Every structure is written in structure tokens, then in C-alpha cells.
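Nothing in this text is a laboratory measurement; each read-out follows from the coordinates by a stated rule. Note that this is a predicted model, so its numbers are computed, not measured. Don't worry about glycine lacking a Cβ; one is built from the backbone with ideal geometry, like all the others, and counts go over all protein chains shown.
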Amino acid sequence: MNRSLQRHLNILDFALSSLWRRKGKNLALLAVYTLIIFIIASIVFFTQALKREADLVLQDAPDLVVQRMVAGRHDPIPVSYGTGIAAIRGVSEVTPRFWGYYYDPVTGANFTLVASDDQELKPEAISIGSGVARTSRISIGDFLPLKDIKGSPVLFSVQKIFPSSSELVAADLIQLRQEDFQRLFDFPAGRATDLAVSAGNPAELETIAAKIVHDFPDTRPILKSEMIRTYDSVFDWRSGMVLVVLAVAVLSFIIFAWDKATGLSAEEKKEIGILKSIGWETTDVLLLKSWEGIVISLSAFLFGVSLGYLHVFFFSASLFEHALKGWSVLYPEFKLTPVIDPYLICLLFLLSVGPYVAATVVPSWLAATVDPDAAMRS
Amino acid sequence: MIMHPGVLALFTGSLLTSAMILYAGWYGVRILRNWDLSSGSELQLALEKRTYLISTLLTYALGFELISLFLFVFTADRLHLLFSGAMCAAGTLNANGFGYPLLILKLVNFLLAGIWLIVNHADNQGYDYPLIRFKYLLLVPLVPWSLLEFSYLFAYFSGLHADVITSCCGSLFSLERPGIAGDLASLPVEPMRLAFFGTLAATLVSGLYSWRSGKGCYPFAVLSLATLLVSLASLVSFICLYIYQLPSHHCPFCILQGEYHYLGYPIYATLLGGALAGMGTGFLHPWRRRGSLSRAIPRLQRRLAATSVLLFAVFLAIASYQMIFSPFRLGR
Amino acid sequence: MIEVIEVSKSFNVGKVNQFDAVSRVSCRIAPGELTILKGPSGSGKTTLMTLIGCMARPSSGRIVLSGIGAGSLFGQQPDAEIEITSLPERFLTGIRRSAFGFIFQQFNLVRGISVLENVMLPAYPTGVNHKVLRERALTLLETFNIARHASSQVGLLSGGEMQRVAIARALINDPSVIIADEPTAHLDSRLSREFMALIEGFKSAGKTVLIASHDPIVFDSPLADQVIEMRDGALIDGSRP
Ligand SMILES: Nc1ncnc2c1ncn2[C@@H]1O[C@H](COP(=O)(O)OP(=O)(O)OP(=O)(O)O)[C@@H](O)[C@H]1O
Ligand SMILES: [Mg+2]
């Protein structure tokens, strides 16, 4: 076998036996390190998974939504605008949409109410998401009372419950007929919440949007791509902030690791002195130290990332879904779709192993450059 | 500033690397000023110990430079969603004026650190630190370059705001657009193809010659650099077209994606590795007769030449395979 | 042949506590001979040996080694003459690894690993195959009658056994020079005499031996070819027999 390879193997062999000889200290280091990587990995996996879910939601969203703005606020849009918009070149279809939010004081949850043109939906009947069913403890055939605008309850019978595969998307959803929606909220006649516009050629959407603003100055068209972008940056921003906070944790870990590495026990120092005196060279000791570092940081990385992966995708990020998701009290028992993304793995590797390497390089060098003759006098 | 985890990783990594290189540079200057091998003084012994630290730091810096080169492109690709009009990394890089210069800086720093490590390796073979001055003089330009890289990174990411309308790669590398990227894309294909195969052939021949005879290292080093530049231009100008099988998609980054079987990795790895090894032979050449290195350097040069020839040959094979077996044909 | 020419070693140069541990020492150690360094505590014996054994670099003076088989490191004949005075640590270590075996006063064995591993340790960085190395170490342990302790921890050995492990370790890379610093300090007189018997074995195997000691069993031994006496860092005139 190649000599330099054999040298690496010999030194790796000794590194493993040295690590094992100081199990107590090294296992403590490994545990703390793993914990930090676990948290970072969980955050990164979780936000990326949420991002993907949001993308799924938006996939079904219309390419272009037109809202009406009054005094800078969102206001119901006259359905009649639809005819004008439909006349713009390139627009293939305009659909008025009716939707809103309903705060349920009993459960403290916010439901999303959407008028559906589903013909099978009977009057005074609703289809609900599984989250709604769970929090209100109702099933098909039961009644859900919703207060109308005057405060008197209207009973709706549950006709259908959406399957929970699309939990995050549909958990808080209540679908009802358009007349029921208008009656419940006393919605002004001839108005809709917004208009969904679709174009034959998606490339023309920006031109169409510009034309709509020109023709109807009180409207605001929102492109799906803009929505995606906004969601993305919000998610990135959230996870970024958390990561920055975490950086503090990492920093303290670095100090911890530094301390461990510099505060070499007298025994370790003596050992390195012996190695140097019997013919190990500084490079060999540096190699020994870096093998030790590689073993520690790779195992912490593997453990941390696998635990984070299990945590997010199989235990639904139970440790911090409250902190990050926080848009509804309807915590759906959702399962995020497990995905392994090499980019994220590479990134996590850099984020976790990089600082460790940087923190230990000087201490290992200090240890490795003790004078070989030091062992002659101890 | 965009708080993407990738941005944070790049930022932290670049900060650490710059700090390491700055530290190494600081001691490099001290070594240049106080080095006196014949003395057994304590200062000299301390400086000799420092050299170990410096080469370790530079090894890490090189490693990071290499990883971050790809990570940077990848992060840019992930971020393209945030910029309307950007369709891949090319659009994100174009979102402000620092993107492309940063990429070039990264490339330069990678090459500099690599060459430094080659020279360092050669120096370690000699029993009287024969290249110590040359080595630490070589370290000096690395310091400002790496600081520059860090400040460009900072400027680039802090100047990045979602929603900036940028050109996507489709238009950035399309023929009408002015600017360097457009220029590369609009280079006439036939002369470009000629230049590509010409330089590669010349480099391979010269590399083989250097490998067999240990001579002709300067021309080989220059040719290696030329191959790197011409090949990068050719990737944009015509090689990518065969890979994408699209007549107008010139982007040199999308080939790193899974859709194209991650072909970009072997392409860039062989190209960068070949150029680095080839340039290394030239940097070692002036010292080949130094007493303590008169055996080590020629041996190392031959090994480097062989590595370089091998890597370039693999690169050529991949590129030609794409051109010959792609169903796509460039129109005349 | 080891030639020491006007060698000095000072510590804390330029400070108030500057100290010349070895000053202007010249001597010559012929191959295959046993040389004994004697002198009171603090006279610089250990320091001189670290200089000769390529562990430390002298502040001034020259040390020239020849015929020790380290020339190949420098692309020369194995037995070529080498001046080690201003070599980088990398090369000093290379020479030390191939040409010198050290036996320390405190034995300097690594605790917590087995006797066998301790013996193999100096050869790890040379990139010798693990199996080959193991065989070699076991043979050495046989020679010194401690093979049955091969897998025990060094902490459990007796003083004499530890010393034999240390000697086996010094021989693992088959050095041509053996350097021992106060080898008998922790041994009773019977074990000390046994040690001298081992030294005789080395001599007959053609190895050069250098021992620092103030034990009369060592420096009055008939095996000694040369006794060098030191005081306050310098040689005492006429110390050569
Ligand atoms: N690193 C050092 N810095 C300062 N002084 C040192 C250093 N190393 C050794 N000395 C001094 O050098 C002198 C010679 O030390 P050395 O160990 O060579 O003596 P020795 O003859 O081996 O003594 P002993 O018989 O007690 O082992 C001592 O006074 C010691 O204090
Ligand atoms: Mg002593």
C-alpha cells in the first residue's frame, strides 16, 4: 500500500484510540456539538419544507389577482370591473372570488371562509378542513354555528371534510355557497373580494397588469410570481433571524471548543511531548489533531443532521412549530414531505463544521509545536 | 440584506477565511523581515513554528475557496426566485454590479491559494527552506485579494434586495445585450471553436512534452491559463448550447443542476484542477536548480504536468462527447 | 561518526535570565562505541544530548553526522556527511526517526494504551504497514522477554519492565545510534547491571551508544570507550580516556 496513505491510516488509528481514551470529555463535546447542529438543521429543514408547502399552495393560486384599493386599504371590488378587464387583449378569463376570515371566539381560531362554486354543496352546508373539524370537534352531519354580521348564529351542516393530505393548506378552510357567504357577512351586492385573472400566455401577464392599473387606477394587480417571491423572502428572513440568534449559540460553542482545545489537560500535553520526542513531526501531530477534529465534527454533523431530519419530517418539528409557524391556532397534525436536498446538506456542513475547524486550528497548532526536548525534562 | 442560510454560510466562511489569510499575511511579513536560517535564535525557531500554522491556514482557506465557489453559484441559483426576471444564478449575479466581479475574485483567490500550496509543498521538500522568501512574497498579494473578496461579498449581498428587476440568463447571455456576458455569448462560434480546440491541443502537447522531458514549463503554464480562460469563454459561447440543446441558452451555471446530470461539476473540477496544476509547473520552474530542490522540483513538475494533462484530457473528452453526441446542431 | 564543533545552547537570550546551558563544547563520537556523559546535575548533559539527537537546534556551533544512514533524506549516499545545525524541524525529525533511538529517564511511555502500541508508536508516521510493524514490535518484545505483557496497559508494569518496553520502542525503527538519558536512575543495582548487559548487546550489534549518567555502575563500566565529563555547560579538560 502507498506509504502516505498508510501513514494516514496509522495516525487515524491512533487518533481513534486517543479519542476513546478520553471518552468523558469527548462525548460531552460531541453531545453539545450535536445539539447545536441538530437545532440549526431543524430550522433549515423546517423553513425549507414550509417554503415548499407554501409553493404548493400558490401553485393553485391564480396567475394574477386584482384587488381594489380605497384609501390605501383593500376594499371589495365591483364585479363589473371584470367585464372591462376581460376585454383587455390576452386575458382569457376573469373570475370574481369571495373569501374572508372568520374569528371563532370559542376555539380562538381563525378560519378561512371561501365561497365555492361547487354545485354539490347544498345551501347552508359547508365543506371543512380537517383542522377545523379537529378544533371544533365536529364530523360530517354535525352543525357548526357561525355568527353573522349582526351577531346571531347561523347553523351550517358539515357536508364534507377535506382529506388531511394537504393539511397545511386546507386545515383552516371552510367552503360555503356564495349566497351564504354574502348573507353571512352582509357582503355588498355586485362586489367581490377580488378578481382572479388568467391569461392565455403567461408571458403577457406583466403587460396585462400594467394595462389594468392604467384602465382602473383604483386597483392593485398582484402577480403570482410576486407572491411567491414575497413568501420566499419572508421565510428566508424568519429563518435567517433565527439563525442569527443561533449564531450566538454557535459562538459560545466555539469558545467552548476553543477552551477544550487550548486547555489541553496536562496528560494530553505530556502525551504530545512524548510523541514529538520519539519521532513524530509537527505535521504528524497536526494531522493527528485534525483527524480527531474530523472524527468529532463529522459524527456530530451526521448525528445532528439525522436527528434534525427525523425531528422535522417524522416528528413534525414538534419542538418549535409554535415559534415559527404561528399564523393560526389550528396546529394541523401535518407531516412535511421528507426531501433530501444536497444543497442544504452542504450548507449545513459549512455552517457547522467551518466554525469548529476555525476554532481549533490555532490550539492544535500550539499543541503540535511543543519542543521535542520538553519530554526529556518532566 | 437577504437572510438566506446560504448567504449566512458564505458570509461566515468568507469572514473566517479572510481573518485566517490576514493572520497568515501578518506573520508572512514578519518571516520575510526576520528570517535567518543560519541562526538558532529563539525568534528564528518561533518563526519556523509559525510556518506550520500558516500552511495549515492556507490549506483551509483553499478548501473553503473551492467549496464556496460552488456554494456561491448555488445560492445565487436558489435566490433567483426573489428577483423577477431572473431565471437562474446568472440573473441573481446580475442583480447588482458586484456579483460577477465577486465570482472572478473567488476564482483568482482559488488559483492564488492553490499555487501557494504547490510552492509550499515544494519548499517543504528542501532542507534549507529554499523558497521561503518567494513563498511569503507570494502570500502578500493574497491578503488584499481576499479582503477585497470579503468586501465584495458584503457589498453584493447587502446590496441585494428582493424584487429588483434583473435580466434572466435567457436575456443576459443572449446576443443583443451589451456587457461582458453578452460579448462572450456573441463570440462567433467557428473561430471560438477553433480557439478552443487549438489551445487545448497545444496545451496537451506542451504538457506531454513537459511531462516527458521536464522542460518547457513556462509555455505550458501560460497555455494552461489560456486554456482556462478560453474554455470558460467557450462554455458560454457554444459548449453549453450542446448540453442544454437550446440555441439561445448560454448560461454557464445551469449545467451544475440535476437536470443536466450535474455535468458542471466534472467540467469545472477538471478545468480548474488542470489549470492549477499546469500553472504550478511554471511557478516552480525558476527554482528547479536550487541545490536542495534539484531533485524534488523536477519530480514535482512532472507529476503536476501529468495531472494537468490528465485533467485537461478528461475535460476535453467530456466537452467533445457533448458536442458529438448531442442531438443538437449549431446552425451556420 | 558524530562530530560536535564549538556548540553552544542558550536559553532566554537577551533577557535578564539568559542562561548558557551548553557553551562551546567540542567532541567526537566514533561509530560502534559507547560514550558516557557524566557530570553534576544541571551541567548540561541532557541539553547536549538533545542537540546531538536532533531534538533541538544549537544557538551556535556545528554538529556533523556521518555514516548514520540518513543521507538518503537529502538525495545523497546513505552514509554521506550531514550538517544538522540549521536543518528545519521536518528534516531533523526525519534523521532522528531513522538514525536515533531514545531511552528516557522517566521512560515516557504513553499511558492508557497497550505495551505493543507503545512500541509501535514511533513508526506510525513513517507509513510502515500496520501488520509488518506489529510483527516487528512483537519480535522486539520477545527479545526483551516482555512479550507476555504485549497487550497489557503500561501503567501496570514494574519499573524494570517499563524500561525494557522503552528500549524496545527505541529500537523499532532500527536506529544506528542509541541515546539514553539517566537510564538507570529508577532501577536498583541488579536491574542496572542487567541494563548494561543489554548495552553490551547493542555494542556487539554495531550500534553507537551515548549515555548520560551519574551512576557508577554505568560510567565505571568496562564497556565504556569514552567518558566525557561536563561542568556548568562546558567539558572538563582531559576527560577523554
Ligand atoms: N528550556 C529551558 N529554559 C531555560 N533553562 C533551561 C531550559 N532547559 C534547560 N535549562 C537549564 O539548563 C541547565 C542544564 O540542564 P540539563 O537538563 O541539560 O542538565 P543535566 O546535566 O541533564 O542535569 P541532570 O543531571 O539533573 O539531568 C539547567 O540548569 C536547566 O535549568
Ligand atoms: Mg538530565
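For a quick check of your reading of the filter: which trypsin sites (Lys or Arg not before Pro) in the stretch A:126-201 sit in a DSSP loop and have no more than 10 other Cβ atoms within 10 Å?
Details: sites: A:Arg134, A:Arg137, A:Lys147, A:Lys150, A:Lys160, A:Arg177, A:Arg183, A:Arg191; in loops: A:Arg137, A:Lys150.
Answer in residue order: A:Arg137, A:Lys150.
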Report the Cα centroid-to-centroid distance between the stretch B:83-159 and the stretch A:1-31 in angstrom, as an integer. 33 Å
Taking R0 as 60 Å, what's the FRET efficiency between A:Asn201 and C:Arg62 from their Cβ-Cβ distance, rounded to 0.05? 0.10
B:Ser248-C:Ala185 pseudo-label distance in nm [points 7 Å out on the Cα-to-Cβ vector]: 8.5 nm
Between B:Phe315, B:Phe72, B:Phe197, where does the largest GNM mean-square fluctuation fall for chain B, given springs only between Cα atoms within less than 10 Å? B:Phe197
Among B:Arg33, B:Arg290, B:Arg78, which one shows the highest mean-square fluctuation when chain B is modelled as a Gaussian network with alpha-carbon springs under 10 Å? B:Arg33
By how many degrees, 0 to 90 and rounded to 10, does the Cα axis of helix C:130-143 deviate from the longest principal axis of chain C? 90 degrees
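Hey, what did the stretch C:1-57 get for relative contact order, percent, Cα under 8 Å, at least 6 apart? Intermediate values should be presented prior to the final figure.
Working: 70 pairs, mean separation 18.8, N = 57.
Relative contact order for the stretch C:1-57 comes out at 33 percent.
Relative contact order for chain B: what percent, with Cα pairs under 8 Å and sequence separation of 6 or more? Spell out each step's value before the answer.
Working: 456 pairs, mean separation 61.4, N = 332.
Relative contact order for chain B comes out at 18 percent.
Per DSSP helix of 4 or more residues, -39500 (n - 2.57); summed, then divided by the residues of the protein assembly as shown. What does that give at 222 nm, rounded to the nearest 500? Let's see the in-between values first.
On the way: 31 runs with 515 residues, N = 951.
Value at 222 nm, helices only: -18000 deg cm²/dmol.
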If you take every residue apart from B:Pro141 with its C-beta less than 14 Å away from the C-beta of B:Pro141, what net charge results, scoring Lys and Arg +1 and Asp and Glu -1? 0
Hey, how many Å between the Cα centroid of the stretch C:92-168 and the Cα centroid of the stretch B:8-68? 36 Å
Please compare each pair in A:Lys25/C:Lys15; A:Lys160/A:Lys211; B:Lys106/B:Lys135 to a cut-off of 32 Å on the Cα-Cα distance and tell me which ones are over it. A:Lys25/C:Lys15; A:Lys160/A:Lys211
Here the relative contact order (percent) of the stretch B:1-167, from C-alpha pairs under 8 Å and at least 6 apart, is 36 percent
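Report, in debye and to the nearest 20, how large the dipole of the stretch B:1-167 comes out about its Cα centre when Lys and Arg carry +1 and Asp and Glu carry -1 on their Cβ.
Values: 8 positive and 9 negative charges, 23 e Å.
Here the size comes out at about 120 debye.
By counting other Cβ atoms within 10 Å of each Cβ, how are B:Trp116, B:Trp26, B:Trp145 ranked from fewest to most? Walk me through the numbers on the way to the answer.
Numbers: B:Trp116 25, B:Trp26 12, B:Trp145 17.
Ascending Cβ contact count within 10 Å gives the list B:Trp26, B:Trp145, B:Trp116.
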